[in-house]
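Reviewing the structure listed below.
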């Protein structure tokens with residue numbers, strides 16, 4: 001059952017990237033830092049190191065001690 | 001806005017689903033013949049099943065002002081037993097002549113075996129002999145691309161098939177380009193996990209146009225929900241598509257495909 005849910009989540013994410021790439025204002029959107037964060041998250045996902053979820057959450061977090 | 005659900009297995013659903021669909025403006029539904037979750041022990045069980053979906057199920061639907069139509073066939077999974085399948089095919093014409101039976105379906109492939117393909121081809125021939133529409137089940141998951149290609153190649157190579165009278169169901173991003181280019185109708189199924197999401201269906205419509213496109217929820221005995229059809233309609237509206245386009249996808253297109261033989265006479 002894990003496989004089907006992981007497969008589904010990956011395809012949904014891939015489809016979301018496709019959707020953004022086909023948007024009218026793609027040039028502006030494509031360079032947004034949030035998207036770049038997601039690309040880095042994909043690299044973490046594909047790697048062999050453990051704690052992928054925690055590392056992705058840190059990647060997507062404001063560093064501690066930083067002013068709001 | 002009236003809605004048509006082109007693919008739902010009501011034999012596996014409760015009356016509450018009829019009520020929900022009626023409240024969401026579903027005016028007509030179609031029930032293709034399928035695998036019941038277990039292999040039938042005799043061809044006679046199929047006769048009972050065809051009688052159920054062509055006679056009893058319409059009476060349940062009518063209580064909620066929904067028109068019920070069905071399709072008749074030996075499904076891909078049980079088609080592996082060739083002699084068994086041929087016995088079932090032998091009494092299909094009796095049902096195909098009924099006014100609420102729209103054609104032969106959902107035929108297709110499951111594991112893409114030679115036996116499955118043989119029975120698929122024999123049912124295509126019956127459809128041609130009896131001038132029937134064809135509704136095709138494409139395989140699940142890892143078998144979908146290969147099976148879709150096998151069936152599309154066969155139908156194109158046959159030379160006598162009008163692609164406008166054939167609908168391939170459960171189409172996704174990897175099978176859409178082939179089928180769209182060949183001129184077949186394509187249906188996109190919305191499932192919680194194993195098929196399309198509402199977003200992906202509208203993505204496909206935006207990339208490949210509304211032409212010959214249908215959406216269904218394929219509610220059955222597994223994880224599925226007739227309301228995902230309406231979730232997809234709402235997603236299309238959220239993206240700003242005009243109401244006439246939404247109505248074409250969820251009412252006009254299925255009505256056009258299903259009524260090519262004059263049997264689909266819904267509101």
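The values are calculated or read from the model by the stated rules, or taken from the named source; none is laboratory data. None of the values given here were measured: they were computed from a predicted structure. Cβ: placed from backbone, ideal geometry, glycine included. Neighbour counts: every protein chain shown.
A few points about this structure:
- Filter result for residue A:9 (modelled with pLDDT of 95 or more, under 16 Å from the mean Cα position of the chain (by Cα), in a helix (DSSP H, G or I) and more than 14 Å from every other protein chain (Cβ to nearest Cβ)): no
- Members of segment B:135-169 found to be within 14 Å of chain A (Cβ to nearest Cβ) and either under 17 Å from the mean Cα position of the chain (by Cα) or not in a helix (DSSP H, G or I) (or both), listed by number: B:140, B:144
- Restricting segment B:174-186 to residues that are surrounded by fewer than 17 Cβ atoms within 10 Å (Cβ to Cβ) and farther than 22 Å from residue B:131 by Cβ, the residue that is farthest from the other protein chains (Cβ to nearest Cβ): B:181
- None of B:79, B:127, B:187 is in a helix (DSSP H, G or I), touching a residue at least 24 places away in the same chain (Cβ under 8 Å) and closer than 17 Å to residue B:258 by Cβ except B:127.
- Selection within segment B:214-228 - loosely packed, with under 15 Cβ neighbours inside 10 Å and out of contact with any helix residue (DSSP H, G or I) (no Cβ under 7 Å at 6 or more places or on another chain): B:222, B:223
- Test: residue in segment B:229-247 that is outside any helix (DSSP H, G or I), surrounded by 22 or more Cβ atoms within 10 Å (Cβ to Cβ), at pLDDT 95 or above and in contact with a strand residue (DSSP E or B) (Cβ under 8 Å, 6 or more places away or on another chain): no
- Selection over segment A:19-54 of residues that are within 14 Å of chain B (Cβ to nearest Cβ) and surrounded by 13 or more Cβ atoms within 10 Å (Cβ to Cβ) gives a count of 2.
- Considering segment B:201-212, and only residues there that are touching a helix residue (DSSP H, G or I) at 6+ places or on another chain (Cβ under 6 Å) and surrounded by fewer than 23 Cβ atoms within 10 Å (Cβ to Cβ), the residue that is nearest to the other protein chains (Cβ to nearest Cβ) turns out to be B:203.
- Qualifying residue in segment B:19-36 (condition: surrounded by fewer than 18 Cβ atoms within 10 Å (Cβ to Cβ), touching a residue at least 60 places away in the same chain (Cβ under 8 Å) and in contact with a helix residue (DSSP H, G or I) (Cβ under 6 Å, 6 or more places away or on another chain)): yes
- A single entry from B:53, B:104, B:74 fulfils the requirement of being assigned to a helix (DSSP H, G or I) and buried (at least 23 other Cβ atoms within 10 Å of the Cβ): B:53.
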